[in-house]
Structure formats: C-alpha cells, structure tokens
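First up is the structure itself, then whatever we jot down about it.
The values are calculated or read from the model by the stated rules, or taken from the named source; none is laboratory data. Everything numeric here is computed off the predicted structure, so don't read it as measured data. SASA here: full protein model, heavy atoms, side chains in, ligands and nucleic acids out. Shrake-Rupley method; radii C 1.70, N 1.55, O 1.52, S 1.80 Å.
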Amino acid sequence: MSAAEPGALASAMLAAAVAGRADPARFGRGRSYVRDGAVVDLSVAPGELVGSVLGSRSSPYQVSVRVPRLPVEDTDGDGTAVGVLNHLVPQPRDLRSDCSCPDDADPCKHAVAVLLAFAQQVAIHPRLLATWRGG
C-alpha cells in the first residue's frame, strides 16, 4: 500500500460522512463551492474545523464544524495507518456545524464546502484527521 492510499481512503470516507449528513441539494452546492475555490480559509484544531467560504454576500461566511474528540492511538508513528484513520473518520451523526449564513440547516452548503475542502486536504495530509479528532 502506498503512503497516499490511507489518506485517499480517509478523504473518501469523510466525504461519504458529509453526504450522509447533508441533503443532496446542499451537498451538491457545497461541492460546487469547493470546485470553484470559494473556501478561502481553513484551519483545524482538536475537535473543531473552522473555515471561510465566499458566498452571495461581500464578506465570507464563517463556518465551524465540531466533532467529538477521541483518544488518538497512533500505531505507526505518523497517524496514517488505515485502521487508525478508519477509527478517526466521524460518523455523519458526529458532525455539528455553525455558519454565519441565514440557513439554519446542519450542515448548510457552506459547512459542506468546508468539510469537503478539508477532506481534500486529508487526502494529502492524513495526519490532519488525527489533529481534528484529538490532537
């Protein structure tokens, strides 16, 4: 297995979790935001993912996505073992988001965009998932 495969698997699993949480229209719009480069800022901390998304107003929408923190058991030293990553990918029910937009859906299309942009980053840097879930 190449080093990129665990990150790609975790990325796909995270995108699937987002799809399981969002309605199809919001998921599709969030995916379009990512494709169009509308996610302009993304940061990860233990238990929280924060991002900014360009939308219909002049200033970006501010998004926060929280997940329960977990003990991170790093069996291979870098947080990329497939079993470790599978354990760290949240279930759809674990995702909780807040956004400065007027849509009260959880998740709104901006939160979907932040999560999908994060999933792309996880494909490249799988350790980000361990950071998000526990540090």
Item to check | Under 5 Å, built H, 5+ apart or other chain: amide partners of G55 | outcome: Y61
Item to check | Stretch gain in nm, segment S64-D103, where the contour uses 0.36 nm per residue and the Cα spacing is subtracted | outcome: 12.6 nm
Checklist entry - Do the sum for the chain: with -39,500 (n - 2.57) for every DSSP H run of n ≥ 4, divided by all residues, what is the mean residue ellipticity at 222 nm, to the nearest 500 deg cm²/dmol? => result -14000 deg cm²/dmol
Checklist outcome for this item: Averaged per residue, the 1.4 Å probe accessible area of the chain, protein heavy atoms only, in Å², is roughly 48
Checklist outcome for this item: Quotient of Cα radius of gyration and Kirkwood radius for the chain, i.e. Rg/Rh, equals 0.97
Checklist entry - Across the stretch 88-99, in residue order, what do the Karplus-derived ³J(HN,Hα) couplings come to in whole Hz, using 6.51 cos²θ - 1.76 cosθ + 1.60 with θ = phi - 60° and x for Gly and Pro? => result 8, 5, x, 6, x, 5, 7, 7, 10, 10, 10, 9
